[in-house]
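Below is one structure, written out as C-alpha cells; comments come after it.
Laboratory data are not the source of any read-out in this text; all were calculated from the coordinates shown. This is a predicted model, so every value here is computed, not measured. For neighbour counting, all protein chains shown are included, and Cβ atoms are generated from backbone atoms with ideal geometry for every residue, glycine included.
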Amino acid sequence: MIAGFRLAAVVLVGFLTACAAPSPDARLPPAPPEVEVTMAEYQFGHAAIVPRGRVVFRVRNEGELEHAITLVALTEDMPPIAEQLRGDERRGVPSVARLTDRAPGESGFFAADLAPGRYGLLCFVLGSDRKSHAVKGMASEFRVR
C-alpha cells in the first residue's frame, strides 16, 4: 500500500511539474502589428498602408483641442471620404472601432481585425461652432493589404 502511495505521489508531482512548466514547443502567438496615429487640429497622421488581420492602433492627441477617433470601412466605389463629408449625397458606412474623446496629450489604443480594402478615420467631436472636426478636415483614409 505504501509503495502504491509513493507511486501515486511521484506521478502526481510529475503531472503538476509538467503542467506548471511550459514545454519548449509551447509559444505565444506573435504580437499584432501596431499602427501609430496622431491627432491634431484638424488632421490625422498615420501610415497609408496597414497590414491585414489583427492590428493595434496606438493613438495620441498632439493637438490643443479634444479629439476622438472612429474607424470606418469604406467600399471601393465610394468617393473619397472628404467628398462624402462635404457633398449633398452621403452614404452610410459601418463603424469598425471607436476611441472616445482624448484631451490634449492623452493617448489610447484599440485593436481591430481588418480585411483588405479601404478604411477611414474620422473625428466627430464638435467644435465651438457646432461643426464636426471631420467636416473641418479631420478625416483621412488608408488601405489594408
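Summary table
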quantity: The stretch 31-144: C-alpha gyration tensor shape, a/c 1.5 cut-off, then a/b vs b/c; calculated: oblate
quantity: Potential lengthening between Glu106 and Glu64 on full extension [0.36 nm per residue; Cα-Cα distance subtracted]; calculated: 14.0 nm
quantity: Charge context of Val59, other residues only, Cβ under 14 angstrom, K/R +1, D/E -1; calculated: -2
